[in-house]
Amino acid sequence: MMSPRSFGAGGVSAINVGRRTLLKGMLGAGALAGLAACGGGNGGGGGGGDVTLGSNWSDEVPKKAIADVMKGFSGNVKVNTIDHNSFQENINNYLQGGPDDVFGWFAGYRMQFFAEQGLVGDISDVWAEIGGGFSDAMKQQSTGSDGKQYFVPLYYYPWAVFYRKSVFAEKGYEAPKTMDDFVALATKMKSDGLNPIAFGDSDGWPAMGTFDYLNLRINGYDFHKELMAGEKSWESNEVKAVFDAWREILPFHQPDALGRTWQEAAQSLLNKESGMYTLGMFVGQQFPEGPDRDDLDFFPFPEIDPAVGSDVVEAPIDGFMMAARPRNEDGARDLLKYLGTAKAEDTYLKSDPNNIGAHNDADKSGYNALQKKGEELVSGAKSISQFLDRDTRPDFASTVMIPSLQEFIKNPNDVAGLTKNIESQKKSIFGG
């Protein structure tokens, strides 16, 4: 679900020291180097020994879920867990420096980018065995630009606006359908003493979800895809309209967002200090199982332009990839075949019921109300986006968009200067 990165090709993949302290960057790189070293310890050649898994499922709930999944594999798996953000910010160095046999990653462009660099392994033979369990859409999101498969999906999760049903019932709030309704509700929440919108962006990626939804609601899915591909100008009136709309609702967000993690923002929703939160369904990881989690609900990000509508949903897909040269290749392929089963997904979702299984045969009988509603939201969408940092080049997302969005949060009044700077950097990365 998400997170910052420093991983493109060449010099642009370096950690932005101005955005994070040098010490933190050194710690992140050191931790990842340790993980890569762990990846080098399994059996050589084409099989034998442990299979190593590089895991970025570092928070308590998903970490346990991954451990439970691995217990169901017939071979021996050595799980090397690294902090989620550190893993992703240093992924380029990790993949070039002796990665684990199998590692957690993301579908779509984020997968295709590293496939094109020759940094991950072709697993089309794995798909020949597991492909019948996935939809054509899932296969497409797992396929590189060369038509080969490089990714095994585990689950997906929609982004929406989350809230507590008990707070809405107590205050008489109604889920808004338009931005005007959304602003009216936020205004009422503020007068009632609530932070209308929980917000934490210390890690850099959470704000991307708000930008994406505003862009999707104002300019539509096709513009989103073209903008992410470097084909549209960031100095265009369309992009400026997105930042202008964001600036209007920014005062309703929790202040000092750059000093707060998404988990801390989620806890403000849990503690009934905030009224709403635009995030992925993994927000439920911060809600204890039982009455609190059962109290969590969501509504789709509201409509802004009736001509554009609100039928595009952000629904990122998480799963697994294989190193380009795994030390235990036979074991890696066997593990990926297992991870591509409904059984593996069911095991994961039993421990982390804050996502939706990607496999056609995933057991949905035990889905909670939020999972059922999330699946319905995604299945009814006209188009599905992956997320800003998954629909564009990873180096552009990390070195340009994270600091740019954080700069906007600090100073939302210079949209022209901000978009000019983004466009200039975009050209240096995409060319043209």
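The values are calculated or read from the model by the stated rules, or taken from the named source; none is laboratory data. Predicted model, so just to flag it, every value in this text is computed and none were measured. Don't worry about glycine lacking a Cβ; one is built from the backbone with ideal geometry, like all the others, and counts go over all protein chains shown. Side chains are part of the model used for accessible areas, which takes the heavy atoms of the whole protein and leaves out ligands, DNA and RNA. Shrake-Rupley method; radii C 1.70, N 1.55, O 1.52, S 1.80 Å.
Points to keep in mind about this one:
- Taking a point 7 Å from the Cα of Ser124 along the Cα-to-Cβ direction, the residues of the range 95-112 with backbone N closer than 16 Å to it are 112.
- Over 27 Å (Cα to Cα) - which of Lys63/Lys364; Lys78/Lys364; Lys272/Lys382; Lys240/Lys426; Lys177/Lys272 fall in this group: Lys78/Lys364; Lys272/Lys382
- Other-chain or far-sequence residues with amide H under 5 Å of Asp363's (modelled H): Asp346
- When shorter helices are ignored and each DSSP H run of at least 4 residues is given -39500 (n - 2.57), the per-residue value for the chain at 222 nm works out to -13000 deg cm²/dmol.
- 12 Å beta-carbon shell around Tyr348, net charge (K/R +1, D/E -1): -1
- Surface accessible to a 1.4 Å probe, per residue, for the residues of the chain, Å²: 37
- Sum of side-chain charges, Lys232 neighbourhood, beta-carbon under 13 Å (Lys, Arg +1; Asp, Glu -1): -3
- Nitroxide proxy distance, nm - points 7 Å out along Cα→Cβ at Lys410 and Ala229: 3.4
- Using 0.36 nm per residue and subtracting the Cα-Cα separation, the extra length available between Ser365 and Ser428 on full extension is 17.7 nm.
- Between Lys420 and Asp192, the C-beta separation translates, for a Förster distance of 30 Å, into a calculated FRET efficiency of about 0.15.
- Modelled spin-label separation between Lys148 and Thr261, with each label point placed 7 Å from Cα along the Cα-to-Cβ direction: 3.8 nm.
- Using C-alpha pairs under 8 Å with a sequence gap of at least 6, the mean separation divided by the residue count of the chain gives a relative contact order of 28 percent.
- Principal-axis analysis of the Cα atoms of the chain puts helix 206-219 at an angle of about 60° to the longest axis.
- Around the amide H of Met276, modelled in the peptide plane, lie the amide H atoms of Ile197, Ala198, all under 5 Å away and 5 or more residues distant in sequence or on another chain.
- Under 13 Å from the Ala175 label point (7 Å along Cα→beta-carbon), backbone N, the range 284-307: 296-303
- Alpha-carbon centroid distance for the pair the range 96-150 / the range 273-342, whole angstrom: 18
- Most simply put, the chain has about 60% antiparallel DSSP beta bridges, counting only bridges with both residues inside it.
- Within the range 77-109: backbone nitrogen closer than 11 Å to the Glu116 label point (7 Å, Cα to C-beta): 109
- Compared with the dominant principal axis of the Cα atoms in the chain, helix 179-191 is inclined by about 80°.
- Cα-based reach from Lys148 at 16 Å (exclusive), listing aspartates and glutamates while leaving out same-chain residues under 8 positions away: Glu116, Asp122, Asp125, Glu129, Asp136
- Rounded to the nearest 20, the Cβ-based charge dipole of the range 37-179 about its Cα centre (Lys and Arg +1, Asp and Glu -1) stands at 540 debye.
- Spin-label pair Ala184/Lys382, simplified geometry with 7 Å Cα→Cβ offset, distance in nm: 2.4
- Antiparallel %, DSSP beta bridges [both residues in the range 45-189], to 5: 10
- Of all accessible heavy-atom area on the range 55-179, the percent that carbon and sulfur account for (1.4 Å): 43
- Simple Cβ-charge dipole of the range 327-432, Lys/Arg +1 and Asp/Glu -1, about Cα centre, in debye nearest 20: 240
- Net charge, Pro288 excluded, C-beta distance under 12 Å - Lys, Arg +1, Asp, Glu -1: -4
- Straight-distance crosslink candidates among aspartates and glutamates, where the alpha carbon sits under 16 Å from Lys420 and sequence neighbours closer than 8 are dropped: Glu231, Glu235, Glu238, Asp244, Glu407
- Against the chain, whose longest principal axis is taken from its Cα atoms, helix 22-39 shows a tilt of about 30°.
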